[in-house]
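Below is one structure; the comments refer to it alone.
The values are calculated or read from the model by the stated rules, or taken from the named source; none is laboratory data. Just so it is clear, the model here is predicted, and its values are computed rather than measured. Reconstructed Cβ throughout: ideal geometry from the backbone, glycine too, with neighbour counts over all protein chains shown.
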Amino acid sequence: MSIIKEQIPMKEQLPQERKKNFYEVPLGYTKEEAILEATRCLQCPTHPCIDGCPVHIDIPGFIKAIKEDNLSLSIEIMHDTNLLPAITGRVCPQEEQCQVVCVMGKVGDPVAIGKLERYIADWELENRSRGNINIPKKKESKNKKIAIVGSGPAGLTCAVNLIKMGYEVTIFEGFHELGGVLTYGIPEFRLPKKIVKEEIEFLNKLGVKFNLDFPIGRSETISDLFKDGYSAVFIGTGAGAPQFMHIPGENLGGIYSANEYLTRVNLMKAYKFPDYDTPIKVGKRVAVIGGGNVAMDSARTALRLGAEHVFLIYRRSRTEMPAREEEIIHAEEEGIEFMLLTNPIRYIGNENGLVKQVECIKMKLGEEDASGRRRPIPIESSEFLIDIEQAIVAIGTTPNPIISKTTQDLKTGRHGEILVDENGQTSVKGAFAGGDIVTGAATVITAMGAGGLAASSINRYLSGELK
Amino acid sequence: MFKITKKQKLGPEMVLMEINAPQVTKHVQPGQFIILRVNEKGERIPLTVADFDSEKRRVTIVFQKVGKTTYLLGSIPEGGSILDVTGPLGTPSEISKFGTVVCVGGGVGVAPIYPIVKKLKSEGNEVISIIGYRSKNYVFWEEKIKNVSDKLLIATNDGTYGEKGFVTDILIKLLESNIKIDRVITIGPAIMMKAVSDITKLKKIKTIASLNALMVCGMGMCGTCRLTIGGETKLSCSDGPEFDAHLVDFNELMERLNVYKEEEKYAFEKWKTEAKI
C-alpha cells in the first residue's frame, strides 16, 4: 500500500459563516476519515511522538486501535495517561510537540495526532451520552484527603490522577463555575463549554468533590486546609493578573484586558446580553494588542460579537508571533486585519471617557534579545492614529498573588510565581504547585503535565518516599 | 445556594439582607466585600460587608435598588436563596490605634462603615462618625453607629433631619474646630469621597477611601476594577478596595463607573417592561 503523504483534512465551518457564530470551527473526522488518517501512522519502533508529548500518551497505540476500529481499546489506551482528551485534542499545540517529531513528517505531513485524539475523545463523549460510561478502575481507598486549589487543567489532571490512586479529592474553585481557563478563557468556538462540562462531570462520577465560590487564600488559607485534615494540597491557580503596557489612556472605558473581555464573554455569557446580565461593549472597530493565542481568541471573539474591523496590533513580524499557526490562519481566514511591526503608544478618549483612537508607532526588527527573538525598535516619526471603539490588551499575565500573600513561608520568584522543585513540591511541607502559577502563562497541556507530575509526587510524599 | 436568613427594608429602595455564608465568615474582616450572583444568568456584583456574625456564620449586606440586578436581588424574600456568594474578598481595612479617627459615610455607604467604626473603637480610638442621607426617610443605622462611636454627627441634603447639607459641610466645620484628627475614613458615592478627599488634602490628614469600582472576578485576574492610584494602575479588588484617597484619580473612577450606563439602562428598562413593573 502506498503512503498517503498529505494529512486527511478535517472539515471546518467556512470563514464567512463561522465569523458570525460561536459554534466550533473544526467539525471533526468521520469514521472513514479517521481510519484513513490512522493508516498513515507508520507504527515506528522509535515513537518520538510519545517523547514529544508532555504527558507521554501511547500515541502509536491509540492510533493503531483507531485503524482497527477498536475504539474502546483506543480510549482505554488514551485514558491511561490522559483523562481529558476531548480538551487536549482541541487545544494542544501538537505541531510543536508530538507532531513536530513524527517520522512521517520527513516524507510528507506528520500524522494528525491531535485530530485523531479529538476523534476518539468525541466518540467516547457520544458513548457516555448514551449511558455507556467507562469508569477507569480506582485503587483501594487510601483514606487520605487531598485538596486541589483551582479547577483549571492542572488541578483537574492532578485530581483525576489522585482519585485513581485511591485518594479522596476535593477541588476548591473561586469562581461559580469549574474549569478555570478552559471555561473563562478559551472561547466556545475553539473549545465548546459543553465538552468542558462533560469532562468535569466524568471527574464527578469518579468521586471528585467540588467546592465552588471558594477562593483559597480568602475563604480559607492553605494552612486551614491542613488543619481541616487534608494530607496534601495542590496549588494550580493559574496566571492571575493581566499585564498592561502602562501607556497613557489605558484605563479609558472600552479598553479591556483579554482576561476581562474573554471572562465577560465566555464565563458570563455577555454575548447573550441582555438575556444574560453581564454587559460588554460592542463596536465596529476593535484593536487587539498582542500576538499570542489569547490575542487570536480575543480578535475572533470581537468579530463574532459584531465588529466590522478587528485590527491585530503586534510589535514584531508574523514569524515571531507566539500563537499557534492554526489559530493565526483561522484569524486571517476570518478577516482579522494584522498590523504587524506596530506598537500602541497611547489611547485617546472622548468626552465620556471612552476610547476613540489609538496612536501607534511603526517598528523594525533589530538584534536578537534574551528570548532569541529579534528585538522590535520604534521607527522615528512613524506615528499614526487608528479610530477604534474598543481595545483588548492581550500581552500576558502575571501570577495571582492571593495565595502567596496569605501563605507563610511559601517561596515565590521574581515575578511572583510559586517556586517548586523537580517534583512540584513548594517550600511549604505537603504543598505542591503546578501550571501557570509556577511557569507563567503557558499551554493547557503543560499545565496538565505539571498536574500529573504533582499527583505522582503527592503519592510518593504520602507513602514516605519523598520527604 | 445561600439562604437569606433575614431581610429588612431600611428606607426607600434600601434593603438589608443577612445571608448564611459559612465560607465568608471564617475570615471576614471590616473593609472586605463579597461578590454575589442572583441567578444563572446574573452578573457578578461586589457588595461591601456591612456586618457579620462569625458564630452564626452570617454576613449582612445593605444595598440600594438602582438597576436590574439590585432589583432582582431585592425581590428575593426572606428564607429565599441567592445562587452564588463568594468571599471574603479584598484587603481588610488597616485598623490600629491611630488616635482620633473621623469616619464619613454617605447613603448606602453608611452600612459598610459600621464594622470599621466598631473595630476602630475596640482598638481604643476616639471615633467621630459623620453620616449623611438624602432625606429623613432615608436615615438608617443611626443608633447602631452611635453605639460604637464617641460622637455622631448627621446630615440630610434637604435638612429634614440633622444638619442641612452634606457630610462635607459637617467635616469642614469639624476641621475648623481645630481638634487634632489623625485619620479620616470615607465610604459612599465616588463624588462624595472625592469631596472629602479634597478637603482633607488641604489639611494634610491621611484619608482612606473604600472604592466602589465595577468588578467581574473580584480575585485579581480580570482587571475590570483597575484604577490609577498615585500614578500606578492598581486593582481595586485585590490591592484595595481601600486606598489612600489623596492618591486616587476620582475622575477616572467616576468615568469608569459610567462605562456601561447605557447598557445598564437598556437592560433595566427591558426588564421592567417584561416584568410589568
What pairs come out if I take residues in the range A:156-185 that are under 23 Å from A:Asn143 (Cβ atoms) and pair them with residues that are surrounded by 24 or more Cβ atoms within 10 Å (Cβ to Cβ) and hydroxyl-bearing (Ser, Thr, Tyr) whose C-beta lies under 7 Å away, six or more apart or interchain? A:Ile171/A:Ser151
Just wondering, is there one or more residues in the range A:433-453 that are modelled with pLDDT of 95 or more and part of a strand (DSSP E or B)? yes
Restricted to the range A:257-278, and to residues that are in contact (Cβ under 8 Å) with a residue 12 or more places away in the chain and farther than 17 Å from A:Val181 by Cα, which residue is farthest from the other protein chains (Cβ to nearest Cβ)? A:Tyr271
What number goes with the only condition from (1) within 13 Å of another protein chain (Cβ to nearest Cβ); (2) out of contact with any Cys (no Cβ under 6 Å at 6 or more places or on another chain); (3) touching a residue at least 40 places away in the same chain (Cβ under 8 Å); (4) under 30 Å from A:Gly185 (Cα atoms) that B:Ser210 does not pass? (1)
The range A:314-368, residues that are under 22 Å from A:Asn251 (Cα atoms), in contact (Cβ under 8 Å) with a residue 60 or more places away in the chain and either more than 14 Å from every other protein chain (Cβ to nearest Cβ) or not hydroxyl-bearing (Ser, Thr, Tyr) (or both): A:Arg315, A:Pro344, A:Ile345, A:Arg346, A:Ile348, A:Gly349, A:Asn352, A:Gly353, A:Leu354, A:Val355, A:Val358
How many residues are over 16 Å from A:Cys158 (Cβ atoms) and out of contact with any Lys or Arg (no Cβ under 9 Å at 6 or more places or on another chain) when one looks only at the range A:227-236? 1
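Per-residue answers, yes or no, for (1) aromatic (Phe, Trp, Tyr); (2) part of a helix (DSSP H, G or I); (3) touching a residue at least 12 places away in the same chain (Cβ under 8 Å); (4) not assigned by TED's automatic domain parsing to the domain that holds B:Gly107:
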{"position": "B:Gln8", "(1), (2), (3), (4)": "no, no, no, yes"}
{"position": "B:Glu18", "(1), (2), (3), (4)": "no, no, yes, yes"}
{"position": "B:Gly31", "(1), (2), (3), (4)": "no, no, yes, yes"}
{"position": "B:Leu36", "(1), (2), (3), (4)": "no, no, yes, yes"}
{"position": "B:Glu40", "(1), (2), (3), (4)": "no, no, yes, yes"}
{"position": "B:Glu43", "(1), (2), (3), (4)": "no, no, yes, yes"}
{"position": "B:Leu47", "(1), (2), (3), (4)": "no, no, yes, yes"}
{"position": "B:Phe52", "(1), (2), (3), (4)": "yes, no, yes, yes"}
{"position": "B:Thr60", "(1), (2), (3), (4)": "no, no, yes, yes"}
Run down A:Asp80, A:Asp69, A:Asp109 and say which single residue is surrounded by fewer than 22 Cβ atoms within 10 Å (Cβ to Cβ), not aliphatic (A, V, I, L, M) and not in a loop (DSSP other than H, G, I, E, B). A:Asp80
Could you figure out which of (1) modelled with pLDDT of 95 or more; (2) under 30 Å from B:Ile82 (Cα atoms); (3) touching a Leu at 6+ places or on another chain (Cβ under 9 Å) isn't true of A:Lys209? (3)
Among the residues of the range B:164-180, is any touching a Ser or Thr at 6+ places or on another chain (Cβ under 6 Å), touching a residue at least 24 places away in the same chain (Cβ under 8 Å) and not basic (Lys, Arg)? no
